[in-house]
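Q: Have a look at this one.
The values are calculated or read from the model by the stated rules, or taken from the named source; none is laboratory data. Since the model is a prediction, treat every value here as computed from it, not as a measurement. Reconstructed Cβ throughout: ideal geometry from the backbone, glycine too, with neighbour counts over all protein chains shown.
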Amino acid sequence: MSDLESNELVPTTGTTEPSGDAARIAEMADESARKWVQRLYGGRNERAKALEELRSILLRGLRAAFAGDNVSDDLFEDAVQDSLMKILRNLDSFEGRSRFESWATSIALRTLLSELRHRRYQDIPLASLSDPNRGVSSAQPDRSETSPDVQMMKQQVVAVMHRLIDEHLSEHQRSALRGVLAGIPSDVLANRLHLQRNALYKLLHDARQKLKQGLAQEGYEGADLLSLFE
Amino acid sequence: MSEPWRDLVRLVAQTRDDEGAGCECCHENLAEFAERELQGLSRCETLMRIAAHLQDCPCCQDEYQRLTTALKAVWCPPGS
């Protein structure tokens, strides 16, 4: 809590007035959002009360969102603490397009989700994503389909996908697809590949477009594929 | 058929020509999107792009699903 009360983390000089943000705050449609921002820009005591209230709200939201994920109380508390600091640092970017609590909850949720994803996938070595003999190239469909015809069609599609991936994608795109096939979340994967998440999204989108076009040229159209792989 | 391949083929099949909103744009608008969806309100053009992105990006979809659960708990706590 002491960190949160430090002036270094507070976006204004600590007066009760919202300083240069008065116009922006006044434009916020939601009265409650205006009050939240004013309190967090406000004096020390007012800010501390607002932070304590917000802490309780964020904890409630996170506990609901991660119920069943076996998250410890310490991790919840750490995530909320980190989130409160992020919220204070980014208060200027809150535009009031949602309720303040919703905006703050989205930050807390992303903070905890990112931490959990990194913990879960930290032991997967980067080498496994760039080894051409693993991931995409070695993944095989299972044999559990009851209809031999359907199973054969699926295997044909996957075989075409293998070829298209090998022949038409860059190594960077192949690495990203291996990560996707390994179930690695995009924020973790972006970090591993030294990309911004947006850049990874674009890389994967371009790869998917190439695969879609390649499949279409082989006679496999989107609607048919969705039906086959439903 | 292994789940990852099924998911990949489906993602490829659903790929749109336009790139749509990226993950960062989704982050910036997810609270508003989730709130309006929970209230059954209409989507502006930006939020339409977010909806399309959520179909494209499993990570953002996961965030969205959890956020709606969290917001329900924030706005309608059990026992309230």
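Q: When residues of region B:61-80 are filtered for being outside any loop (DSSP other than H, G, I, E, B) and at pLDDT below 90, how many remain?
A: The qualifying residues number 1.
Q: Okay, moving on. Please go through region B:52-67 and pick out each residue that is more than 9 Å from chain A (Cβ to nearest Cβ) and either buried (at least 21 other Cβ atoms within 10 Å of the Cβ) or in contact with a Cys (Cβ under 9 Å, 6 or more places away or on another chain) (or both).
A: First pass over region B:52-67, keeping only residues more than 9 Å from chain A (Cβ to nearest Cβ): B:52, B:54-55, B:61, B:64.
If the condition is that a residue be more than 9 Å from chain A (Cβ to nearest Cβ) and either buried (at least 21 other Cβ atoms within 10 Å of the Cβ) or in contact with a Cys (Cβ under 9 Å, 6 or more places away or on another chain) (or both), then B:54, B:64 are the ones that fit.
Q: Against the definition (farther than 14 Å from residue B:59 by Cβ, of a type in the set (A, V, I, L, M, F, W, C) and either facing chain B (nearest Cβ under 10 Å) or surrounded by fewer than 18 Cβ atoms within 10 Å (Cβ to Cβ) (or both)), how does residue A:200 come out, yes or no?
A: no
Q: Shifting gears a bit: Say we look at region A:155-192 and pick out the residues that are at pLDDT 90 or above and not in a helix (DSSP H, G or I); which of these is surrounded by the most Cβ atoms within 10 Å (Cβ to Cβ)?
A: Across region A:155-192, the extreme among qualifying residues is A:169.
Q: Please name all residue pairs, on different chains or six or more residues apart, with Cβ atoms under 7 Å, provided the first residue is in region A:207-223 and is farther than 12 Å from residue A:173 by Cα and the second residue is of a type outside the set (Asp, Glu) and not in a helix (DSSP H, G or I).
A: Taking only residues 6 or more apart or on different chains, the pairs are A:212/B:15; A:222/B:14.
Q: Every residue in region A:206-230 that is surrounded by 19 or more Cβ atoms within 10 Å (Cβ to Cβ), part of a helix (DSSP H, G or I) and facing another protein chain (nearest Cβ under 8 Å), please.
A: A:208, A:211, A:212, A:215, A:225
Q: Then there's this: Considering only region A:149-167, state which residues are away from chain B (no Cβ under 12 Å) and touching a residue at least 24 places away in the same chain (Cβ under 8 Å).
A: Once the filter is applied, which keeps residues that are away from chain B (no Cβ under 12 Å) and touching a residue at least 24 places away in the same chain (Cβ under 8 Å), region A:149-167 yields only A:166.
Q: Also, quick follow-up: Out of A:19, A:32, I need the residue that is at pLDDT below 90 and either at positive phi or not assigned by TED's automatic domain parsing to the domain that holds residue A:111 (or both). Which one?
A: Exactly one of A:19, A:32 is at pLDDT below 90 and either at positive phi or not assigned by TED's automatic domain parsing to the domain that holds residue A:111 (or both), namely A:19.
Q: Looking at B:10, B:16, B:49, which one is at the interface with chain A (Cβ under 9 Å from one of its Cβ atoms), in contact (Cβ under 8 Å) with a residue 24 or more places away in the chain and either under 20 Å from residue A:204 (Cβ atoms) or more than 12 Å from the chain's Cα centre (by Cα) (or both)?
A: The conditions single out B:16.
Q: Does residue A:74 satisfy the criteria of being modelled with pLDDT of 60 or more, exposed (fewer than 13 other Cβ atoms within 10 Å of the Cβ) and acidic (Asp, Glu)? Show your work before the answer.
A: Numbers: modelled with pLDDT of 60 or more: yes; exposed (fewer than 13 other Cβ atoms within 10 Å of the Cβ): yes; acidic (Asp, Glu): yes.
Yes; evaluated as a whole, the condition is true for this residue.
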